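First comes the structure, then the notes that go with it.
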Amino acid sequence: MFFSSYVKARVALVGATGVVGRTALKLMMEHADLWEVSLFASKQCTLDLEGRLLNVHPLDQADFSCFDVCMFATEENVSKRWIESALHAGARVVDSSSWRRLDPSVPLVVPGVNQQILQKEHSLCAHSNCIVSPLACVLAPLNVLYGLKCIHIATYQSVSGAGKYGVEACLMETKKKLSGTPLETSYFPKNIGFNVIPQIGQLDHMGHSSEEEKIQKELHRILQVDCPIFSTAVRVPVLQGHASAVWVEFQRPWSKEEVQEAWCKAPHIEVAREYQTPLELQGRDVVSVGRVRQLTPFHLAVWVCSDNLLRGAASDMVDIAKIMVQQKN
Ligand SMILES: NC(=O)c1ccc[n+]([C@@H]2O[C@H](COP(=O)([O-])OP(=O)(O)OC[C@H]3O[C@@H](n4cnc5c(N)ncnc54)[C@H](OP(=O)(O)O)[C@@H]3O)[C@@H](O)[C@H]2O)c1
């Protein structure tokens with residue numbers, strides 16, 4: 001209804017050639033009535049999107065004053081280098097990178113969980129990490145019902161979480177391994193083909209990885225809790241789709257029926273009869289929960305799975321851009 005009497009928004013999609021950018025573009029094309037989209041990447045090129053050839057412009061030639069909203073699906077260093085210019089030119093910005101996710105002046109939004117914090121006066125909005133967003137969708141209703149006391153998480157994260165070069169590296173290493181060609185150094189900390197790696201990002205002096213730190217700090221911020229959150233983030237040789245095994249301790253006793261009912265009502269969540277896997281969820285914009293087990297009256301175990309290029313990436317980014325367009329009109 002609110003879209004009926006407005007002029008199309010002018011939107012820049014920066015990082016259009018990356019795995020998140022391409023996925024966002026596909027989603028945006030489903031709502032072509034909302035916006036006119038211009039594409040940017042590091043250099044001029046043509047993007048083949050399911051047979052449609054689209055022009056991509058070099059970012060250093062962008063005139064940000066032409067846009068209402070700029071969506072940055074770029075690494076932290078690129079976001080840091082360019083977002084200030086876009087804001088200065090008067091555009092509102094959604095950033096996929098971790099650059100300012102923990103800055104208290106920048107809302108960290110998980111659509112379906114806390115989108116109400118994004119106000120018209122916020123010029124910059126961050127969305128959360130691709131493992132955090134689905135976890136927040138699953139944990140938010142549990143926190144309301146019983147209060148979160150302690151959370152343990154083991155993640156199984158696909159190579160597309162590391163961008164297009166992560167996908168290429170996994171495919172190349174797998175082919176080499178199958179053909180008996182010796183493997184040299186990898187894009188990942190160790191070879192990923194036919195392997196699993198318990199390190200995503202840099203390790204700090206305590207041995208925690210940067211991904212594990214993001215899981216803790218982003219979940220604390222989004223859910224507004226300060227309970228202990230322990231995780232081990234693992235890269236697995238899956239192309240698309242992240243999963244997590246999660247163990248939750250509550251402040252009050254819980255019931256399976258009540259939890260299933262709350263999840264059925266919550267945005268994005270799909271309750272599986274048994275469980276779903278990354279392959280089954282590829283291209284599906286849902287967060288699947290399965291293998292829900294009552295360990296004790298205070299402890300729940302659950303398997304969480306989603307397409308990392310949608311929830312926690314392109315879907316969150318496009319949902320936030322839609323809110324910005326709505327707030328403009
Ligand atoms: N992958 C995920 O599951 C996921 C989920 C949530 C958040 N994120 C975050 O989303 C961002 C994008 O991730 P991605 O996985 O899509 O990465 P990606 O596949 O490596 O894509 C990176 C994009 O950035 C562009 N780029 C690189 N350097 C540039 C420059 N100097 N100027 C302009 N554009 C430049 C690339 O363009 P060229 O093709 O021209 O190099 C490409 O379009 C990252 O911050 C990532 O942490 C990713």
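Taking the numbered list (1) part of a strand (DSSP E or B); (2) among the small types (G, A, S); (3) under 21 Å from V109 (Cβ atoms) in turn, S38 passes all entries but (3).
Name the residue that is nearest to G161 (Cα to Cα), counting only residues in the stretch 248-271 that are more than 21 Å from the chain's Cα centre (by Cα) and either modelled with pLDDT under 95 or surrounded by 15 or more Cβ atoms within 10 Å (Cβ to Cβ) (or both). Per the criteria, the residue is V248. Among the residues of the stretch 243-300, those that are within 30 Å of A24 (Cβ to Cβ) and assigned to a loop (DSSP other than H, G, I, E, B) comprise A266, P267, H268, A272, Y275, Q276, T277, Q282, G283, R284, D285, V286. Are any residues in the stretch 200-234 among the aliphatic types (A, V, I, L, M), over 24 Å from A140 (Cβ atoms) and part of a loop (DSSP other than H, G, I, E, B), and if so, which ones? Answer for the stretch 200-234, where residues must be among the aliphatic types (A, V, I, L, M), over 24 Å from A140 (Cβ atoms) and part of a loop (DSSP other than H, G, I, E, B): just M206. Among the residues of this structure, K120 does not count as one that is farther than 30 Å from F298 by Cα and free of Cβ contacts under 8 Å to residues at least 24 places away in the same chain.
Applying a threshold of 6 Å to beta carbon distances and a minimum spacing of six or more residues, or different chains, the list of pairs starting in the stretch 297-310 at a residue that is within 25 Å of V159 (Cα to Cα) and within 16 Å of the ligand (Cβ to nearest atom) and ending at one that is in a strand (DSSP E or B) and small (G, A, S) reads V304/S244; C305/A243; C305/S288. For L183, the conditions (1) within 16 Å of the ligand (Cβ to nearest atom); (2) touching a helix residue (DSSP H, G or I) at 6+ places or on another chain (Cβ under 9 Å); (3) among the aliphatic types (A, V, I, L, M); (4) outside the structural domain of W303 (by TED's automatic domain parsing) are fulfilled apart from (1).
Only a single criterion out of (1) over 22 Å from P111 (Cα atoms); (2) within 16 Å of the ligand (Cβ to nearest atom) is not satisfied by S315, namely (1). I197 satisfies every condition listed in (1) touching a Lys or Arg at 6+ places or on another chain (Cβ under 9 Å); (2) of a type in the set (V, I, T); (3) farther than 30 Å from L142 by Cβ except (3). Among the conditions (1) more than 16 Å from the ligand (Cβ to nearest atom); (2) touching a residue at least 24 places away in the same chain (Cβ under 8 Å), the only one that E30 does not satisfy is (2). Taken over the stretch 77-121, the criterion of being within 16 Å of the ligand (Cβ to nearest atom) and assigned to a helix (DSSP H, G or I) is satisfied by N77, V78, S79, K80, R81, W82, I83, E84, S85, A86. Restricted to the stretch 52-76, and to residues there that are away from the ligand (no atom under 12 Å from the Cβ) and in a helix (DSSP H, G or I), the residue that is nearest to the chain's Cα centre (by Cα) is F64.
The values are calculated or read from the model by the stated rules, or taken from the named source; none is laboratory data. All of these numbers come straight from a predicted model, not from anything done at the bench. For neighbour counting, all protein chains shown are included, and Cβ atoms are generated from backbone atoms with ideal geometry for every residue, glycine included.
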